[in-house]
Amino acid sequence: MSATLAVTLSLWVIAAVLALFAWRKGPEVAAEAARHGVLDFLYLIPRLAIGVIGSGFLAALLPQDVVRSWLGPDSGLTGLLLATLAGALTPGGPVIGFAIGATALKSGAGYLAVMTYVTAWALFAFQRLIVWELPVMPTRVVWLRVAASLPLPILTAWGVMLLTGRG
C-alpha cells in the first residue's frame, strides 16, 4: 500500500471514529458537526484548487535554471539560507506556502531546500510576527522564540540528510 493511500485511509478512519463519538453525544450533535464540516469543506476547496492550479502556472513561468541554481540539490548552505529567508518572507497561509513549495520542487529545487523553506515559513512568517505575535505577546517572548527557532530550518535539512543518508 502506498504511503498516500495509507494516510488517506487513516484520515477516513479518524473521521469515522470522531463521527461515532459525536453521534454518542446525540444525533443533533453529530448533525451539527457534519454541517460545520461540510461548510468548512465548501469554504476551503475553492481556495485549495486556486493554490494548486496557481502553483502549476507559477511552475511553468519560473525559469527552471535559476531555481535549480539557487535552490537546487547542489546549492548547498547558500540555497538553504536563501530558502530560509524566502520562507520567512512568504505571506499567507498553507495554500500559499505549500503551493510555493510544490512549485519550487516542480521547477528544480532540491527537496532539502523546499523542506527548509516550509520550516522557515511555518516558524518565521514575517506578517504573522507583525500582525499576530507582537501585538498579542510580550515583545521579549516573541524575539526569544524567533531566536531559539533560528537554527531549526537548517537543522531540518541536516536531520533529513542524517535520516536518509543523502543530501
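The values are calculated or read from the model by the stated rules, or taken from the named source; none is laboratory data. If you're wondering where the values come from, they're calculated on a predicted model, not measured in any experiment. A quick note on method: Cβ atoms are made from the backbone with ideal geometry, for glycine too, and the neighbour counts reach across all protein chains shown. The accessibility values were calculated without ligands, DNA or RNA, using every heavy atom of the protein model including side chains. Shrake-Rupley method; radii C 1.70, N 1.55, O 1.52, S 1.80 Å.
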So how much accessible area does residue 10 have, in Å² to the nearest 10, using a 1.4 Å probe? 60 Å²
Dipole of the chain, positive end: most advanced residue of 22, 101, 79 [Cβ charges, Cα centre]: 22
Net charge near residue 99 (other residues with Cβ under 12 Å of its Cβ; Lys, Arg +1; Asp, Glu -1) is +2
Run the quick spin-label model on residue 161 and residue 11: label points 7 Å from Cα toward the beta carbon, then report their separation in nm to one decimal. 3.2 nm
Mind checking segment 131-167 for trypsin sites (Lys or Arg not before Pro) that DSSP puts in a loop (not H, G, I, E or B) and that have at most 14 other Cβ atoms within 10 Å? 166
When only the heavy atoms of the protein chains count and the probe is 1.4 Å, how do 40, 74 rank by accessible area, highest first? 74, 40
Scan (1) 26, 17, 16; (2) 27, 22, 14; (3) 33, 22, 18 for the value of semi-axes √(5λ) of the Cα gyration tensor in Å calculated from this model and give just the label. (3)
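Take every Cα pair under 8 Å in the chain that's 6+ residues apart, average their separations, divide by the length, and report that relative contact order as a whole percent.
RCO, the chain: 20 percent.
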Averaged per residue, the 1.4 Å probe accessible area of the chain, protein heavy atoms only, in Å², is roughly 67 Å²
At 222 nm, what helix-only mean residue ellipticity would the chain give, in deg cm²/dmol to the nearest 500, using -39500 (n - 2.57) for each DSSP H run of four or more? -26000 deg cm²/dmol
Any helix of the chain counts here only if DSSP assigns it H throughout, its Cα atoms span 27 Å or more along the axis, and its mean Kyte-Doolittle hydropathy is at least 1.6, and such helices are 3-25
